[in-house]
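In what follows, a structure is listed as structure tokens, so that the remarks can point back to it.
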Amino acid sequence: MNLVNPENMVLTTIRLVESDEKSHIRLSANGGNSILLVCEPDREIDYIRAIRKLMPEDKYQIIDLSDLLCQFVEQNKSNLEEMFNLLQGSLHQIFKTPAGEEGSDYLGLILQAVDSSLKADKIPVLINTGTLYGSGIGSIHIVENDLVMRAKSPLIILYPATWVQDMLMFLGKRPASKYRCMVLK
């Protein structure tokens, strides 16, 4: 049983982000600009509470991906059934439009929210990232986005995952990329 204290982990993240050594994040993240705050999937709600309690709204923008998923469904309500029927073999394309194609997708909503946060001079914090499971969107699609890579502030992602030896498993089910991220566990 892991006895990591969510509040301590959130405070560690805050200290790292607010320190004068932001270059340490980029070095640890293979040139990236993101922090994966890894939590056990069954303790995610405890971490979310700690984030909401300890990260002041004047510095941090908490972006709830479950809200964005609901927004995506609401915006595309009239087309979803048709899209599911057309894309049966490639359902992930509903949530993440293939490169080079135009369309409104879930990934685009996420990146818009991150962009909005950065323009407001706030540090974006993604929570409820389990909504990405099965969408075809991996953390790598977010952290390698030019918007995130060029930002002056790092992106923080609360990431429900487990470790199997050295392999990070998103929701304890799917191998996850640690590339372009500083991993805090």
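The values are calculated or read from the model by the stated rules, or taken from the named source; none is laboratory data. Note that this is a predicted model, so its numbers are computed, not measured. Note: ideal-geometry Cβ built from the backbone for every residue, glycine included; neighbour counts use all protein chains shown. Calculation scope for accessible area: heavy atoms of the full protein, side chains included, ligands and nucleic acids excluded. Shrake-Rupley method; radii C 1.70, N 1.55, O 1.52, S 1.80 Å.
Candidates are the residues of region 32-46 that are assigned to a loop (DSSP other than H, G, I, E, B) and within 12 Å of Pro154 (Cβ to Cβ); the one that is modelled with the highest pLDDT is Asn33.
A quick yes/no check of all residues on (1) of a type in the set (A, V, I, L, M); (2) more than 25 Å from Lys119 (Cα to Cα):
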{"site": "Val10", "(1), (2)": "yes, no"}
{"site": "Leu16", "(1), (2)": "yes, no"}
{"site": "Asn33", "(1), (2)": "no, no"}
{"site": "Leu36", "(1), (2)": "yes, no"}
{"site": "Ala50", "(1), (2)": "yes, no"}
{"site": "Gln71", "(1), (2)": "no, no"}
{"site": "Gln75", "(1), (2)": "no, no"}
{"site": "Leu80", "(1), (2)": "yes, yes"}
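Within region 29-68, the set of residues being open to solvent by 50 Å² or more (accessible area, probe 1.4 Å) and under 20 Å from Val183 (Cβ atoms) comprises Asn30, Asp42, Arg43, Asp46.
Could you check region 1-28 and list, in sequence order, the residues that are open to solvent by 10 Å² or more (accessible area, probe 1.4 Å) and either β-branched (Val, Ile, Thr) or assigned to a strand (DSSP E or B) (or both)? Residues satisfying the conditions are Val4, Thr12, Ile14.
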